[in-house]
1. In this structure, is Arg168 open to solvent by 20 Å² or more (accessible area, probe 1.4 Å) and either at pLDDT 95 or above or farther than 22 Å from Asp25 by Cα (or both)?
2. Of the residues that sit in the stretch 233-246 and are open to solvent by 10 Å² or more (accessible area, probe 1.4 Å) and touching a residue at least 40 places away in the same chain (Cβ under 8 Å), which one is farthest from Asn37 (Cα to Cα)?
3. Are any residues in the stretch 95-130 surrounded by 16 or more Cβ atoms within 10 Å (Cβ to Cβ), among the hydrophobic types (A, V, I, L, M, F, W, C) and closer than 27 Å to Pro26 by Cα, and if so, which ones?
4. If a residue must be under 15 Å from Leu166 (Cα atoms), at pLDDT 95 or above and open to solvent by 40 Å² or more (accessible area, probe 1.4 Å), how many such residues does the stretch 205-232 contain?
5. Residue under question is Gln106, and the condition is that it be over 25 Å from Asn239 (Cβ atoms) and modelled with pLDDT under 95; does it hold?
6. In the stretch 31-143, which helices (runs of 4 or more DSSP H) lie fully inside it and hold 1 or more residues that are within 23 Å of Pro157 (Cβ to Cβ)?
7. Determine, yes or no, whether Arg66 is under 22 Å from Cys39 (Cβ atoms) and at pLDDT 95 or above.
8. Looking at (1) within 29 Å of Phe197 (Cβ to Cβ); (2) in contact with a Leu (Cβ under 9 Å, 6 or more places away or on another chain), which one does Asn97 not meet, given that it meets all the others?
Amino acid sequence: MQAHHGTVDPAEVAKFEAMAAEWWDPTGKFKPLHMLNPCRLDYITTQIAAEFDRDLNMPDAFAGLRILDIGCGGGLLAEPMARLGAEVVGADAAAGNIPVAQVHAQQSGLQIDYRHTTAEDMAAAGEQFDAVLNMEVVEHVSDPLAYLTACHALLKPGGLHICSTLNRNPKSFAMAIIGAEHIMRWLPKGTHEWSKFITPDELFDLLKQAGLDPVDRQGFVFNPLTWAWRLSERDLSVNYVTASVKPR
């Protein structure tokens with residue numbers, strides 16, 4: 001599938017294409033995502049298990065579920081979903097990410113359907129999923145509402161949408177832009193545009209406008225002493241994640 005229209009911002013796509021080969025290097029340009037990934041997976045798997053009454057202690061806990069990882073990158077989330085038994089589609093508007101993801105999945109012995117496409121194109125094709133993972137993407141699109149509306153269309157009734165992004169406030173500017181890009185150099189300068197960050201209330205409003213029912217939101221909080229991330233129900237000041245459902 002070829003991505004060709006919709007809410008894709010070509011300049012944003014180009015940033016990630018330039019880094020595609022480094023997706024699976026835990027010390028490379030995606031080091032922050034590798035550090036954050038265990039915390040993200042904890043939230044995602046817990047929410048899916050609760051919504052679909054699955055036992056995470058069972059092998060193939062997500063068997064029978066069809067999951068879309070939109071903006072899949074190199075497959076950091078798609079692969080764990082496949083290991084849990086889900087049928088996984090990984091979609092990305094950056095063509096360079098797809099062969100990287102495909103090769104790594106093959107090396108890992110996993111069957112994942114990776115596609116160079118967009119949420120809008122998949123929705124137009126009538127694709128349907130039990131869950132849509134939409135992690136750190138909404139702050140990079142040109143029209144967040146149109147993009148979230150496409151994600152809504154991709155969900156089956158009763159489906160679960162998990163969306164994470166960055167809050168917009170002075171603290172997030174200090175940590176995500178100055179700290180992560182300029183001081184720690186975890187990310188190339190210009191990876192994020194602070195003006196595109198979205199507050200939790202704004203995101204909840206956008207989700208509702210898109211036809212989804214928000215049911216939860218939590219923060220991802222980095223502890224510089226333990227050098228690890230944790231979930232927080234109270235601190236959504238920088239990175240945060242939401243869960244919403246499509247009404248039946």
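The values are calculated or read from the model by the stated rules, or taken from the named source; none is laboratory data. Note that the structure is predicted; figures quoted are calculated from it, not measured. Using ideal geometry, Cβ is built from the backbone for each residue, glycine included, and neighbour counts are taken over all protein chains shown. The area values use the complete protein model at the heavy-atom level, side chains included, leaving out ligands, DNA and RNA. Shrake-Rupley method; radii C 1.70, N 1.55, O 1.52, S 1.80 Å.
1. Spelling it out, Arg168 is indeed open to solvent by 20 Å² or more (accessible area, probe 1.4 Å) and either at pLDDT 95 or above or farther than 22 Å from Asp25 by Cα (or both).
2. Here the residue is Lys246.
3. Ile98, Val100, Ala101, Ala105, Leu110, Ile112
4. Going through the stretch 205-232 one residue at a time, the tally reaches 2.
5. Yes, satisfied.
6. Passing ranges, in order: 31-51, 78-83, 119-124.
7. No.
8. Unmet for Asn97, out of (1) within 29 Å of Phe197 (Cβ to Cβ); (2) in contact with a Leu (Cβ under 9 Å, 6 or more places away or on another chain): (2).
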